[in-house]
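Read through the structure below, which is laid out as structure tokens, and then see the notes.
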Amino acid sequence: MSDAIIVTQHLSHTYQSGPLQKAALIDVSLEIERGSCVAIIGFNGSGKTTLVQHFNGLLRPSEGTVLVDGVNVGSGNVDLRTLRQHVGMLFQFPEGQLFERTVFADVAFGPRRMKLSRREIRTRVLEALEAVGLPQHEYAWRSPFDLSGGQRRRVALAGVLAMRPSILVLDEPTVGLDASGREEFYSYLGHIRREQGVTIVLVSHDMTEVASLADQLFVMYEGRLVLEGTPRAVFAQGDRLRVWRLAPPPLSELLALLRQRGLTIPSDAFTVDEVFAVLQHSGQSGR
Amino acid sequence: MSASPLIDIQHISYSYPAPKGKKGEIQPVAALREVDLQVQQGEYLVLLGHNGSGKSTLARHCNALLLPDCGHVLVSGLDTRDTSKQQTIRERVGIIFQNPDNQIIATVVEDDVAWALAVRGLPTEVIRERVDAAMAMVGITHLRQLPPHKLSGGQRQRLAIAGVLALRPQCIIADEATAMLDPLSRQEITLLLHQINQEYGLTIIQVTHLLEEAALGQRVVVMEQGRIVLEGSPATIFADLERLRALKLAIPDPIELADRLRRAGVALSASAITVEAIAQEIVP
């Protein structure tokens, strides 16, 4: 088989809230390949955040197992400190967690706790800032609170990168950013992926947004894994996605409408370029 | 233009005050520069622009949340600077924000809708009637007894809208009200605002950075650096994608596709700017 870095087998998680029990994850089995970029997609409450919180031991399985690079995260004697350096996690609205007086100090916080040498800390911080597009000469000594929302979020990402994780988990990393902030964030993420070969796990409710980056999508609904596949294969589901409270990407929606109206469009047409080629051709032949 | 506008923005400028203790060090940045805009009763207006373009600042001048440094804002003839009129102005022009949690107060849905009415001391029967009507308008009647934290993001945004509707305003401003929602809820809230506009004749001002939300508006006003830089019907605004890109707005794939097809000689009208309209014109 392939080289999987994260494996869950029949993973279930039940929250206890007062006298009530809520099954947040039900029998989830999946494999994430080393060095790939995957996205966990689902509506609010589908269990996507609960799922990824198992990857660095924030939650332990109620049933089933979670293996991260061969380590059983559910076992009692797992070394959480090492695990969490290995699996970097960026939470929702991470800019809310910035607290230091300078960008440098904030990014250095993690490496300092790792008791690295000053020189090593400095190297890592500067590299991390470079990777997220905040060159040190311009940004390192500014207060993180003077930066824009998108920049602050990238400072938070740099803080995680400076720990040199081999797996990067990002929970809704672009919620609340505008179009250019999003594009910037994803372009730096793509860059980090190519340069550092980290495995990236994105959590999102917007699959259109992650389509260009992710190799594989996992669709969650009401605690279950209901679909997995390449973005192309998942988007081909069209209106069926609405059942899981997901909006089909606008272009897939257009294709579905055109097919309904009797136009034959190959099922592998996916990007604007591909659809353009098909329609231009059929437009000319139709006239 | 016909009758006097509901909201009349006359040549206003505004700068956010410099943070305390830093006065003199930081020049206040002009958020609005000499803006003129009239909004008619019953209109569906979209204020479009990227973050920091001034669209939210402008919207917040429409119900006296912010007051202009110079120029005037009149809401059905009342000057927003007149402190004795501000309560009336805010009843006429309600606003909902990005995060519905910031305007949800009570512990039960229907109590929350009733809140602003109860504070104003309206009789119980009136409150009951208005709360029921407002919940029905946004489709949350079945959730009336639930605590707000049990609702989804989209449902909570509906609750925030109901709370504003209960005051029987003439205009609702949706200030990036869909930005924190998932794509499906985003579409649903935009459709709801349209429905409220169509069925009840309420004026809607939708503030957004998403082109797809602007496509359904009657009029689109695009802002950049505190100024109105483009204004017109969605079809005219969408005709120049290069310009919109330069204004840091993301072009949805179907719009991009339609534009390329037009250039390639496929007969598509300028008003084909929604997925449905494009499909209809490609295969009549």
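Read-outs throughout are calculated quantities, based only on the coordinates presented, and are distinct from any laboratory measurement. Quick caveat: nothing in here was measured; it's all calculated off a predicted structure. All Cβ positions, even for glycine, are placed from backbone atoms using ideal geometry, and neighbour counts span all protein chains on display.
Could we say that residue A:269 is of a type in the set (A, V, I, L, M, F, W, C), out of contact with any Ser or Thr (no Cβ under 7 Å at 6 or more places or on another chain) and either in a strand (DSSP E or B) or within 26 Å of residue A:45 (Cβ to Cβ) (or both) here? Break it down stepwise before answering.
Numbers: of a type in the set (A, V, I, L, M, F, W, C): yes; out of contact with any Ser or Thr (no Cβ under 7 Å at 6 or more places or on another chain): yes; either in a strand (DSSP E or B) or within 26 Å of residue A:45 (Cβ to Cβ) (or both): no.
In short, no.
For region A:209-231, the criterion of being within 11 Å of chain B (Cβ to nearest Cβ) and within 16 Å of residue A:272 (Cα to Cα) is met by at least one residue.
The sole residue among B:179, B:166, B:174, B:134 that is crowded, with 23+ Cβ neighbours inside 10 Å and within 16 Å of the chain's Cα centre (by Cα) is B:174. Looking at region A:54-141, the helices (runs of 4 or more DSSP H) lying wholly inside it that each contain 2 or more residues that are hydrophobic (A, V, I, L, M, F, W, C) and touching a residue at least 12 places away in the same chain (Cβ under 8 Å) sit at A:80-86, A:103-113, A:118-131. For region B:174-191, a residue qualifies if it is more than 10 Å from chain A (Cβ to nearest Cβ) and outside any helix (DSSP H, G or I), and the qualifying residues are B:174, B:175, B:177, B:178.
For region B:153-173, the criterion of being within 14 Å of another protein chain (Cβ to nearest Cβ), assigned to a helix (DSSP H, G or I) and without any contact (Cβ under 8 Å) to a residue 12 or more places away in the chain is met by no residue.
Answer with yes or no whether residue A:190 is within 12 Å of another protein chain (Cβ to nearest Cβ) and either farther than 30 Å from residue A:23 by Cβ or among the hydroxyl-bearing types (Ser, Thr, Tyr) (or both). Judged against the criteria, residue A:190 is not a match. Within region B:238-259, if we keep just the residues that are within 10 Å of chain A (Cβ to nearest Cβ) and small (Gly, Ala, Ser), the residue that is nearest to the chain's Cα centre (by Cα) turns out to be B:250.
In this entry, residue B:232 is excluded by the filter for residues that are more than 10 Å from chain A (Cβ to nearest Cβ), more than 13 Å from the chain's Cα centre (by Cα), buried (at least 23 other Cβ atoms within 10 Å of the Cβ) and not aliphatic (A, V, I, L, M). Applying the condition of being over 27 Å from the mean Cα position of the chain (by Cα) and more than 7 Å from every other protein chain (Cβ to nearest Cβ) to region B:260-276 and asking which residue is surrounded by the fewest Cβ atoms within 10 Å (Cβ to Cβ) yields B:263. Residues satisfying the criterion are absent from region A:234-246 (criterion: under 22 Å from residue A:94 (Cβ atoms) and assigned to a helix (DSSP H, G or I)).
When residue A:217 is tested against the conditions (1) crowded, with 20+ Cβ neighbours inside 10 Å; (2) on the phi > 0 side of the Ramachandran plot, the lone failure is (2).
Evaluating residue A:153 against the criteria (1) within 14 Å of another protein chain (Cβ to nearest Cβ); (2) more than 20 Å from residue A:191 (Cα to Cα); (3) crowded, with 21+ Cβ neighbours inside 10 Å leaves one unmet condition, (2).
Restricting region A:245-283 to residues that are surrounded by fewer than 20 Cβ atoms within 10 Å (Cβ to Cβ) and of a type in the set (Ser, Thr, Tyr), which is farthest from the other protein chains (Cβ to nearest Cβ)? So the residue we want is A:267.
Restricted to region A:16-34, and to residues that are small (Gly, Ala, Ser) and over 14 Å from residue A:47 (Cβ atoms), which residue is surrounded by the most Cβ atoms within 10 Å (Cβ to Cβ)? Outline the logic, then answer.
Of region A:16-34, the ones small (Gly, Ala, Ser) are A:17-18, A:23-24, A:29.
Subset that is over 14 Å from residue A:47 (Cβ atoms): A:17-18.
Working: A:17: 7, A:18: 5.
Selected residue: A:17.
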